[in-house]
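Novice: What follows is a structure written as structure tokens; I'll ask about it next.
Each value in this text was obtained by applying a stated rule to the coordinates, not by laboratory testing. In this text the structure is predicted, and so the values were computed from the model without any measurement. With ideal geometry, Cβ positions are generated from the backbone for all residues, glycine too; neighbour counts draw on all protein chains shown.
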Amino acid sequence: MTASDDKDVQTLASFIPRTIGPWLSEADEVFDAETIFDYIDGSGEVYRAYNMELVLARRFHKDGRPDIIVDLFDMGSSEDAFGVYTHDLDGEDAGVGQGSTYKGGLLSFWKDRYFGSVYAEEETEETKGLVLELGRRIAAAMPREGERPALLSVLPADGLAAKSVRFFHNHLVMNYHFFVADTNILLLDQTTDAVLASYGDPESRSRLLVVDYGEPPKAAAARDSFVKAYMPEATDSGVVNTENGRWTAVRAAGNAVAVVFDAGSEAEAAARLDKIVAALTRERASKGG
């Protein structure tokens with residue numbers, strides 16, 4: 001571990017209290033992107049997909065009571081802290097940090113470049129209160145707030161389903177939330193920023209995917225790759241009526257590609273893409289591009 005890493009570990013450690021009620025903390029454990037599987041075997045790849053740098057794990061113990069575990073991740077950027085938080089949004093809003101959920105003894109939250117989870121091995125009224133108190137104290141110790149991904153600003157608000165927005169980089173995470181294809185037909189990688197959102201009622205839900213490739217040639221190549229693999233009969237138009245009777249449409253705009261899946265009509269798909277292209281154009285102009 002480098003001196004810089006050691007400083008980051010000390011920062012993580014400083015955010016977490018040493019005691020919570022009568023529970024006392026045990027020795028901290030620290031893992032990075034290479035050793036995360038030694039600690040979290042099943043979901044370690046999710047954190048790596050969001051460019052995690054470090055995680056500090058601190059266990060709180062009280063004889064005869066369930067243990068409480070804090071996992072505090074340094075994700076390297078507030079965008080990726082937000083992104084990994086959006087991977088699982090199931091639960092009630094806990095009012096912790098810049099966004100949080102609580103369910104079944106597990107609190108998840110993000111603030112600045114950090115993602116935290118606080119977990120009680122058995123949920124009781126006592127442990128629920130302590131889990132939430134720990135989360136609030138950790139978040140309060142963080143001196144700054146972070147910026148959400150800029151790409152979120154292009155999402156139309158009209159019809160947007162609550163708790164449906166996901167931010168990610170690669171196609172494995174995309175497929176977890178909405179399966180597109182076995183292979184990486186949208187040419188996503190760790191340098192691409194992508195946002196996926198749902199629109200409409202559950203029984204008639206459509207999806208909107210917007211990907212920023214950083215430069216127009218990459219966006220154009222991704223658009224062509226997607227059309228060739230997903231809708232080859234729509235090479236020129238970029239719109240197709242799928243087997244389920246709904247509509248999928250794609251459009252490249254500058255550095256980005258936008259795709260509408262399962263729209264109720266061709267007009268609905270076109271209108272949503274028009275809004276995205278207009279928003280992307282405004283964002284590009286505001287940056288002087």
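Novice: When the chain is fully extended, how far beyond the present Cα-Cα distance does A150 get from D189, taking 0.36 nm per residue of separation? Write out the running numbers ahead of the final one.
Specialist: Values: separation 39, 0.36 × 39 = 14.04 nm, distance 1.79 nm.
Using 0.36 nm per residue and subtracting the Cα-Cα distance, I get 12.2 nm.
Novice: Along the Cα→Cβ direction, 7 angstrom out, place labels at S14 and E133. What is the inter-label distance in nm?
Specialist: 2.5 nm
Novice: Provide, in order from the shortest bin, the percent of all Cα-Cα pairs of the stretch 77-200 in each 5 Å bin, continuing until the bin that contains the maximum pair distance.
Specialist: Once binned at 5 Å, the Cα pair distances of the stretch 77-200 give 2, 11, 19, 19, 18, 14, 10, 5, 2, 0.
Novice: Once fully extended, how much extra length lies between A220 and D63, figured as 0.36 nm per residue of separation less the alpha-carbon to alpha-carbon distance?
Specialist: Values: separation 157, 0.36 × 157 = 56.52 nm, distance 6.04 nm.
Length gained, A220 through D63: 50.5 nm.
Novice: What pairs from K103/K287; K163/K275; K228/K275; K111/K228 go past 31 Å between their alpha carbons? Before the final figure, lay out the partial values.
Specialist: Values: K103/K287 40 Å; K163/K275 21 Å; K228/K275 24 Å; K111/K228 40 Å.
Going by Cα-Cα distance, K103/K287; K111/K228 fall outside the 31 Å limit.
Novice: Continuing with the same structure: Given +1 on the Cβ of Lys and Arg, -1 on the Cβ of Asp and Glu, and no further charges, what dipole in debye does the chain carry about its Cα centre, rounded to the nearest 20? Walk me through the numbers on the way to the answer.
Specialist: Working: 29 positive and 48 negative charges, 198 e Å.
Charge dipole, the chain, about its Cα centre: 960 debye, nearest 20.
Novice: Then there is this: Lys and Arg at +1, Asp and Glu at -1: add these up for the other residues within a Cβ distance under 14 Å of A222 and post the number.
Specialist: Details: positive: K218, R223, K228, R251; negative: D189, D193, D212, E215, D224.
Taking every other residue near A222 into account, the sum is -1.
Novice: So if I take the centroid of the Cα atoms in the stretch 93-108 and the same for the stretch 120-173, what is the distance between those two points in Å?
Specialist: Distance between centres, Cα-based: 7 Å.
Novice: Please give the peptides 143-152, 116-125 ranked by average Cβ packing (other Cβ atoms within 10 Å per residue), highest first, as a rough proxy for protection. Could the numbers behind the result be given before it?
Specialist: Working: 143-152: 14.9, 116-125: 18.0.
Result, highest mean Cβ count within 10 Å first: 116-125, 143-152.
Novice: While we're on this one: Taking N as the number of residues in the stretch 141-192, what is its alpha-carbon radius of gyration divided by 2.2 N^0.38 Å?
Specialist: With N residues counted in the stretch 141-192, Rg over 2.2 N^0.38 Å equals 1.43.
Novice: What relative contact order, as a whole-number percentage, does the chain give when Cα pairs under 8 Å and 6 or more residues apart are counted? Walk me through the numbers before you get to the answer.
Specialist: Working: 546 pairs, mean separation 33.8, N = 289.
Taking the mean separation of contacting Cα pairs over the length of the chain, I get 12 percent.
Novice: Report the relative contact order of the stretch 156-289, percent, no decimals, based on alpha-carbon pairs under 8 angstrom and at least 6 residues apart. Let's see the in-between values first.
Specialist: Values: 223 pairs, mean separation 26.6, N = 134.
Once divided by the residue count of the stretch 156-289, the mean separation gives 20 percent.
Novice: Could you state, as a whole-number percent, how many of the C-alpha pairs of the stretch 10-137 are farther apart than 25 Å?
Specialist: Values: 1455 of 8128 pairs.
I get 18 percent for the Cα pairs in the stretch 10-137 exceeding 25 Å.
Novice: Below 8 Å, C-alpha to C-alpha, sequence gap of six or more: please give me the relative contact order for the stretch 1-147 in percent. Intermediate results must be reported in sequence, preceding the final value.
Specialist: Details: 282 pairs, mean separation 31.4, N = 147.
Value for the stretch 1-147: 21 percent.
Novice: Now for a different question. Excluding G64 itself, what net charge comes from residues whose Cβ is under 14 Å from its Cβ, given Lys and Arg +1 and Asp and Glu -1?
Specialist: Numbers: positive: K62, R65; negative: D63, D67, E121, E122, E126.
Its environment carries a net charge of -3.
Novice: Could I ask something else about it? Working from Cα positions, state the angle (0 to 90°, nearest 10) between the long axis of helix 125-141 and the longest principal axis of the chain.
Specialist: 70 degrees
Novice: Over 5 Å intervals from 0, what percent of Cα-Cα pairs in the stretch 1-59 sits in each interval?
Specialist: All Cα pairs considered, the percentages come to 4, 17, 25, 21, 20, 10, 4, 0.
Novice: Still on this model: Rounded to the nearest 20 Debye, what is the dipole magnitude of the stretch 133-173 about its Cα centre when Lys and Arg each give +1 and Asp and Glu each give -1 at the C-beta? Let's see the in-between values first.
Specialist: Values: 6 positive and 4 negative charges, 30 e Å.
It works out to roughly 140 debye.
Novice: Hey, another quick one. As I understand it, the value is the acute angle between the Cα axis of helix 266-286 and the longest principal axis of the Cα atoms of the chain; what does it come to in degrees, rounded to 10?
Specialist: Helix 266-286 sits roughly 70 degrees off the main axis of the chain.
Novice: Could I ask something else about it? On full extension of the chain, what length is gained from E123 through D41, given 0.36 nm per residue of separation minus the C-alpha to C-alpha distance?
Specialist: On the way: separation 82, 0.36 × 82 = 29.52 nm, distance 2.30 nm.
Result for the pair: 27.2 nm of gain on full extension.
Novice: Quick one: what does P(r) look like for the stretch 147-289 with 5 Å bins over all Cα pairs, in whole %?
Specialist: Calculated P(r), rounded to whole percents: 2, 10, 21, 26, 23, 14, 4, 1, 0.
Novice: Grab the other residues whose beta carbon is less than 15 angstrom from that of D262, score K and R as +1, D and E as -1, and report the net. Intermediate results must be reported in sequence, preceding the final value.
Specialist: Working: positive: R205, R207, R246, R272; negative: D201, E203, E243, E266, E268.
Here the charged neighbours net out to -1.
Novice: Between A27 and E203, what is the FRET efficiency for a Förster distance of 41 Å, r being their Cβ-Cβ separation, to the nearest 0.05?
Specialist: Working: r = 51 Å, r/R0 = 1.25.
Rounded to the nearest 0.05, the efficiency is 0.20.
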